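Data first, discussion second: the structure below is written as structure tokens.
All of the numbers you see were taken from the coordinates with simple rules; none came from a lab. Values in this document were obtained by computation on a predicted structure and should not be read as measured data. Note: ideal-geometry Cβ built from the backbone for every residue, glycine included; neighbour counts use all protein chains shown.
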Amino acid sequence: MLLPCVKCYCYADQTLKISIGDNTIEESICSSCKGSIQDEIENLIMTWTMDFFGENILYKKNSAYSTIYVSENEEQRNLRFLTSFQSGILKKEEGTSTPYLNSFLLGPIFLKREIKRILCIGLGTGYLVKAFRRFFPDLKIDVVEIDEEVYNIAQKYFNFSLDSSIDVHISDAFEFVKKINRSSYDLIALDAYDGNKVPAHLDSVEFYEEIKRILMPDGILISNLHGRLTGEYSRDFKNSYNKMEKVFKHSILIPSPNEWEMNILTLFSNNQINKLDVGATIFQEDLKVLIAPWLTDKQYDEKDIKEKE
């Protein structure tokens, strides 16, 4: 069937796809109009987004993977992939506008031993890497980030910098992991979101098998999954959890303490992960402030999850 271009009504020879959150709009369009209307729609969406959040666009860059924005207001500076909010930092104090990132700092605490080396999959603003460096200064940290522009922006706009203990690798995470030939990491932090979802090839049994292969025998994969444990908004979470469960024997899940925030901290290992005795654990005081929302008795292991099914 011949379809008209949505803009000029001539013969449409292409399809225009615009993603807004989890929704994708598809329209028939001709090659002459595609570039201009895509820019118009994007500008309209970003104008509304900036007005809604009271922010201004500081920087825009079209990379090979996304349209990247740096936006800010008086309180915070944020990294966005079009309308998808990635993460941000506070401008007047050390901290993040994305509090869930602090939950990753529980990884070394659950491991309950000295850790020497971690892998962070996804860089974002670099906040999480800096937080690991701050509280666990003896760590060797590898970071794998697919988009070099994200790395450049983290350095220029979010105060991220390298030192002798941090290496950044510009690569697809799956390809990077496959090249590692031995068990290397005590902890792997997976925070590579495309909108509200982890990219499909990084949310696969095959990828999790590779992750298990490069973890130390008692090592932990820590991630943050979008959704809820049960009910209407649990489908995406369950899909990811079921894949991880096929690879790892043990898990601990901690739902976000905020009802409006649909995040679940997940820890997976082939070694038993014991629930944290919050009252009996001694924390560094400034670390405790950051992880306090997740210091809860609402910790669920693999047995608890089976009971909820």
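Structure above, values below:
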quantity	calculated
Spatially proximal lysines relative to K92 (Cα-Cα < 21 Å; intrachain offsets below 8 disregarded)	K130, K156, K288
Linear extension gain, D138 paired with N242, 0.36 nm per residue minus alpha-carbon span	34.0 nm
Stokes-Einstein D in µm²/s, Kirkwood radius over Cα pairs - the range 1-130 at 25 °C with 0.890 mPa s viscosity	140
The range 213-289, relative contact order in percent, only Cα pairs under 8 angstrom and at least six apart counted	34
The chain, dipole about Cα centre (Lys/Arg Cβ +1, Asp/Glu Cβ -1), debye to the nearest 20	720
Furthest towards positive pole of dipole, L105, Y59, L139, structure part the range 32-139, Cβ charges	L139
Highest-first arrangement of 126-139, 293-306, where packing means the average Cβ count within 10 Å	126-139, 293-306
Axial C-alpha extent at least 27 Å, average Kyte-Doolittle at least -0.5 - helices from the chain (DSSP)	31-53
Sequence-distant residues sharing a close amide H with R117 (under 5 Å, placed H)	K140, D186, L187
For the chain, calculated [θ]222 nm from helices alone, where every DSSP H run of n ≥ 4 adds -39500 (n - 2.57)	-8500 deg cm²/dmol
R0 of 35 Å, Cβ-Cβ distance K156-K303: FRET efficiency to nearest 0.05	0.15
Ordering of 244-257, 154-167, 41-54 by burial proxy (mean other Cβ atoms within 10 Å per residue, highest first)	244-257, 154-167, 41-54
Calculated SAXS-style log₁₀ I(q)/I(0) at q = 0.23 Å⁻¹ - the range 202-305, Debye, Cα scatterers	-1.31
Sorted peptide list for 272-284, 76-88, criterion being average Cβ within 10 angstrom, highest first	76-88, 272-284
Gyration tensor (alpha-carbon) shape descriptor, the range 109-167, a/c threshold 1.5	prolate
Nearest-20 debye value, the range 88-184 charge dipole, Cβ charges on Lys, Arg, Asp, Glu	440
Cα-centre dipole for the range 254-309 with unit charges at Cβ (Lys and Arg positive, Asp and Glu negative), debye to 20	100
